[in-house]
Amino acid sequence: MSDWISFYDFKHSFIYVNALHLDVHYRTIAQDIRDYVPSPFAQVLDYGCGEANSADLVAAASGHLTLVEAAPNVRAALTARYAGNGKISVLTPDEAAARPAATFDLIVMHSVAQYLSEAELDRQFAIFRALLKPHGQLIIGDVVPPKLAAPAAALTLLRVGAANGFFWAAVGGLIRIFLSDYFRLKKAHGLSHYTQAAMLERLTHAGFAAECAARNIGHNQWRMAFLAHPR
């Protein structure tokens, strides 16, 4: 996963076509996560949060929000952005894994599973199982299905761009992504894809009772989200 971390740690990631796209992307994710926060006192963990520039929306609905990010530059930017918000802390993955058992009411890992091997995903599920409270909830968002993933992502970007005033920037962004290191990394390291049944099986094996959510977190509804509770 280290090469993917380096790719997303680049200050001007090609994944976001402009600042408006970045804002719309993370605001939508934050709004969707906020809807899952179980109470104003909930301890929430957002694992692999990325730039998370709307995390304050989630924090406002929670008791405390812990952001976990592996990319050092992104993590440093998060720390600076939320330094004045006492309801948000920023940790490395190792620091998060070292938190006491049964700490969190809600754990979200959105758009990360595709960059992990099956073994890495299973290890992460075990960590989440330990960190969740007995009645807590785990959400695995943006799980990529085996078929038509790239066309669906491109079409989603164009639709979001058209709806939010950056359609032509989205067209240019798709060209830049095609010419960037993204496809070289994808060819070299691959992405992990899961059917609904395969992801449910992995979650069950990890000790969760799980179901596929009615809709994914974020804009891409071709991808899937899964809701899981400790058994």
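Observations, loosely collected:
- Residues Leu106, Leu227, Leu20, sorted by accessible area with the largest first, give Leu20, Leu227, Leu106 [1.4 Å probe; ligands and nucleic acids excluded].
- Using the Cβ-Cβ distance between Trp222 and Ser39 with R0 = 25 Å, the FRET efficiency computed as 1/(1 + (r/R0)^6) comes to roughly 0.20.
- Amide H contacts for Val90 (H built 1.01 Å from N in the peptide plane; partners 5 or more residues away or on another chain; cut-off under 5 Å): Leu67.
- Fraction of accessible area attributable to carbon and sulfur, the range 27-94 (%, probe 1.4 Å): 52
- Think of each Lys and Arg Cβ as +1 and each Asp and Glu Cβ as -1; about the Cα centre, that makes the dipole of the chain roughly 280 debye.
- Nearest 10 degrees, 0 to 90: helix 167-179 Cα axis against the chain principal axis: 90
- Whole-percent carbon and sulfur share, accessible surface of the range 190-231, 1.4 Å: 54
- Taking Cα atoms only, the orientation of helix 196-205 departs from the longest principal axis of the chain by about 30 degrees.
- Dipole magnitude (debye, nearest 20) for the range 96-218, charges at Cβ of Lys, Arg, Asp, Glu: 260
- Accessible area per residue for the range 1-127 is 44 Å², calculated with a 1.4 Å probe on protein heavy atoms, without ligands, DNA or RNA.
- Computed packing ranks the peptides 42-53, 137-148 as 42-53, 137-148, most packed first, by mean other Cβ atoms within 10 Å.
- Dipole size of the range 45-124 about its Cα centre, with +1 on Lys/Arg Cβ and -1 on Asp/Glu Cβ: approximately 260 debye, rounded to the nearest 20.
- Computed extension gain for Leu155 through Ala209, at 0.36 nm per residue and net of the alpha carbon distance, reaches 16.2 nm.
- Cβ-defined net charge surrounding Pro230, 11 Å radius [Lys, Arg +1; Asp, Glu -1]: +3
- Solvent-accessible area assigned to carbon and sulfur over the range 116-156 amounts to 65 percent, based on a 1.4 Å probe.
- P(r) weight above 14 Å for the range 79-149, C-alpha pairs, percent: 68
- Estimated vicinal HN-Hα couplings, Hz - the range 101-117 in sequence order (Karplus 6.51, -1.76, 1.60; Gly, Pro = x): 4, 6, 8, 10, 7, 9, 10, 10, 10, 10, 6, 10, 4, 5, 9, 9, 6
- Counted residue by residue at 0.36 nm each, then reduced by the alpha carbon distance between them, the extension gain from Ala19 to Val171 reaches 53.2 nm.
- A cut-off under 12 angstrom between Cβ atoms defines the neighbours of Leu67, and their net charge, with Lys, Arg +1 and Asp, Glu -1, is -2.
- The chain: Cα Rg divided by the 2.2 N^0.38 Å rule of thumb: 0.97
- Cα-based helix-to-principal-axis angle, 72-81 vs the chain, degrees rounded to 10: 70
The values are calculated or read from the model by the stated rules, or taken from the named source; none is laboratory data. If you're wondering where the values come from, they're calculated on a predicted model, not measured in any experiment. Neighbour counts are summed over all protein chains in view; Cβ atoms, including those assigned to glycine, are modelled from backbone coordinates with ideal geometry. Keep in mind that these areas ignore ligands, DNA and RNA; they rest on the heavy atoms of the full protein, side chains included. Shrake-Rupley method; radii C 1.70, N 1.55, O 1.52, S 1.80 Å.
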